[in-house]
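To start, the structure itself, in structure tokens.
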Amino acid sequence: MNLPAVLSLLLVVSTVQAFQYTELTQFIDSHQEEYVETLRDWVAIESDSSNVMRRKDLHRMMDVVAQKLRLMGGTVELVDIGEQELPDGQTLLLPKVVTAQFGTDVNKHTVCVYGHVDVQPAKLEDGWATDPYNLTDINGHLYGRGASDNKAPVLAWIHAVGAYQALNMELPVNVKFVIEGMEETGSNGLDAMILAQRDTFFSDVDYIIISDCGWLSRRPALTYGTRGNCYFFAEVEGPKQDLHSGVYGGTVIEPMTDLIGILDTLISPSGKILIPGIREAVAPLSDEEWKMYQDIQFDVEDYKNKIGVSQLMYSNKVDLLAHRWRYPTVTIHGIEGAFSDPGTKTVIPAKVTAKFSIRQVPDMDPAMVKTQVTDYLHSVFAKRKSPNKLKVTMVIGAKPWLADTQHPLYEAGKIAIKRVFDMDADLIREGGTIPIARTFQDVLGKSIIMMPIGGFDDGMHSQNEKMSRYNYIEGTKLFISYLNEVSQIQKTSV
Ligand SMILES: CC(C)C[C@H](N)C(=O)NCC(=O)O
């Protein structure tokens, strides 16, 4: 073929692609109400993975996901991943993992989209302005537990594939889905499932895509790292039952006093972790990293206002971003057994269990952290010479994940973002944890990209979590565009 003929063929091909993109995005726009309604149905299912009383809802949630993918003609399986052992020794069926496949063309790349449909706990009494399980649209923001983390992003991926199908357009890549129901509690059972299916379901997967995080600002982002998490229970047990604090107070060595005493030795007021060995394991901040953080647009005052605090732990941008993304931190989440209702109750709780976690970064190792924390707390407790009993358990041990931003997946992401949002992508890390990211990397040896569509102010895990319509709908277009960009990556890239 001569040069003019090749050029005109290229023109025809690119015109067809541009036309298809427009048609696809028009399809998304015209189906937006339907997408919001589906999100409403999904949010209405209280799929809280941390509450054993909600396990039935979680099973139902997985069935709903499977059915949606089946109706689209996918090859769908509900994979049994066994049981979970609870701290009290009881066992509970884990929610099945949904796998699905659309397309088997060996000449195309195969991407695997991972997401989760379990949620964090939420109650109206926690301070929500609306019922957390009744999706409520206020000024284009869709409020509901799990709206951003992670139900809308999962649906956006499903709708992106559905749009190609509805318009009878060939998917540019084969698409697989792995949707789980235990992410918020450490992805129990998923590691083993991935290992077991490495040479079957995952054998032809080229790339993993995860959309389970948020932007840093109003600019769209691509995420190349997450922190891991080690989550601990520290239980102090004393008298055989709760006691009247007036009648017995002053004679009993109180479990709560012991517990607060040892918790106070975990981290200093200025944020220095006091557990020996933890800080020493952290990879030092490189000049290159410092420069990357320095170049990111991030307004410290806006951040402060968004959270509603008058002072932060650090006042400059680089320190803040580094401590949000790539240094460990200790958070004390709550105390089970403590009196926490409104009003006064003069009680000495007999048994109290603190819940705290330590975010993990390279080169920390959760197994090592478990030993460091357990030994340290026992040594601090021993110094108190208390007759009470301390038990320390690590219930989640998730490793951090870091990707190579030079991989073509990231270049493809930048192009897709530019096309949909007409903005350059922020390249960011994430302080939160996606336990399975590191497993995908280590067990499958596949490259991963995180492509968030959540807003910077979505309030994940907080009161009034939301996903904006804009992010939900434009995010769906981003996924459509991204599938097309991934199809252009040279077949040799791993
Ligand atoms: C922002 C996180 C990566 C979102 C994720 N779904 C999550 O909440 N994970 C659990 C965690 O505690 O970080």
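The values are calculated or read from the model by the stated rules, or taken from the named source; none is laboratory data. Everything numeric in this text was worked out from a predicted model, so none of it was measured. Note: ideal-geometry Cβ built from the backbone for every residue, glycine included; neighbour counts use all protein chains shown.
Remarks
To keep it simple, each residue is scored yes or no on (1) surrounded by 22 or more Cβ atoms within 10 Å (Cβ to Cβ); (2) over 23 Å from the mean Cα position of the chain (by Cα); (3) in a strand (DSSP E or B).
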{"position": "Leu78", "(1), (2), (3)": "no, no, yes"}
{"position": "Pro95", "(1), (2), (3)": "yes, no, no"}
{"position": "Asp105", "(1), (2), (3)": "no, yes, no"}
{"position": "Pro121", "(1), (2), (3)": "no, no, no"}
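- Conditions (1) under 30 Å from Thr223 (Cα atoms); (2) surrounded by fewer than 14 Cβ atoms within 10 Å (Cβ to Cβ); number of the one not met by Asp264: (1)
- Neighbours by Cβ (under 6 Å, 6+ apart or cross-chain): first from segment 426-443, assigned to a strand (DSSP E or B); second near the ligand (Cβ under 10 Å from one of its atoms): Ile428/Thr223; Glu430/Cys213; Glu430/Thr223; Glu430/Thr226
- Filter result for Tyr231 (among the hydroxyl-bearing types (Ser, Thr, Tyr), within 16 Å of the ligand (Cβ to nearest atom) and either touching a helix residue (DSSP H, G or I) at 6+ places or on another chain (Cβ under 9 Å) or over 30 Å from Asp80 (Cβ atoms) (or both)): yes
- Any hit, segment 311-322, residues being closer than 30 Å to Gly238 by Cα and either more than 22 Å from the chain's Cα centre (by Cα) or within 16 Å of the ligand (Cβ to nearest atom) (or both): no
- Residue pairs meeting the criteria (Cβ under 9 Å; at least 6 apart or on separate chains; first within 18 Å of Lys399 (Cα to Cα) and among the charged types (D, E, K, R), in segment 278-289; second at pLDDT 95 or above and assigned to a loop (DSSP other than H, G, I, E, B)): Arg279/Lys272; Arg279/Tyr327; Arg279/Pro328
- Selection of segment 407-425 for residues being outside any loop (DSSP other than H, G, I, E, B) and either within 13 Å of the ligand (Cβ to nearest atom) or not basic (Lys, Arg) (or both) yields Pro408, Leu409, Tyr410, Glu411, Ala412, Gly413, Ile415, Ala416, Ile417, Val420, Phe421.
- Scanning segment 292-317 for residues that are part of a loop (DSSP other than H, G, I, E, B), free of Cβ contacts under 8 Å to residues at least 60 places away in the same chain and closer than 23 Å to Asp424 by Cα yields a total of 0.
- Among the residues of segment 445-454, at least one is away from the ligand (no atom under 16 Å from the Cβ) and either in contact with a strand residue (DSSP E or B) (Cβ under 7 Å, 6 or more places away or on another chain) or outside the structural domain of Ile138 (by the TED database) (or both).
- Qualifying residues in segment 354-382 (those that are more than 17 Å from Ile278 (Cα to Cα) and buried (at least 21 other Cβ atoms within 10 Å of the Cβ)) - the one nearest to the ligand (Cβ to nearest atom): Ala354
- Evaluating Arg438 against the criteria (1) more than 15 Å from the ligand (Cβ to nearest atom); (2) over 22 Å from Val318 (Cβ atoms); (3) among the charged types (D, E, K, R) leaves one unmet condition, (1).
- Scope segment 124-168; condition crowded, with 24+ Cβ neighbours inside 10 Å, of a type outside the set (Lys, Arg) and in a loop (DSSP other than H, G, I, E, B); matching residues: Pro132, Leu135, Gly144, Gly146
- Among the residues here, Ile210 does not qualify as out of contact with any helix residue (DSSP H, G or I) (no Cβ under 6 Å at 6 or more places or on another chain) and either among the polar types (S, T, N, Q) or away from the ligand (no atom under 14 Å from the Cβ) (or both).
- Annotation: of all residues in segment 93-140 being charged (D, E, K, R) and farther than 20 Å from Tyr472 by Cβ, the one that is nearest to the ligand (Cβ to nearest atom) is Asp126.
- Some residue of segment 386-403 being without any contact (Cβ under 8 Å) to a residue 60 or more places away in the chain and more than 14 Å from the ligand (Cβ to nearest atom): no
- On the stretch given as segment 169-225, residues that are aliphatic (A, V, I, L, M), outside any helix (DSSP H, G or I) and within 18 Å of His116 (Cα to Cα) total 7.
- So Ile253, is it assigned by the TED database to the domain that holds Val373, surrounded by fewer than 17 Cβ atoms within 10 Å (Cβ to Cβ), within 30 Å of Lys304 (Cβ to Cβ) and away from the ligand (no atom under 16 Å from the Cβ): no
- Output for segment 276-291, where each listed residue is assigned to a loop (DSSP other than H, G, I, E, B) and either within 26 Å of the chain's Cα centre (by Cα) or small (Gly, Ala, Ser) (or both): Gly277, Ile278, Val282, Ala283, Pro284, Leu285, Ser286
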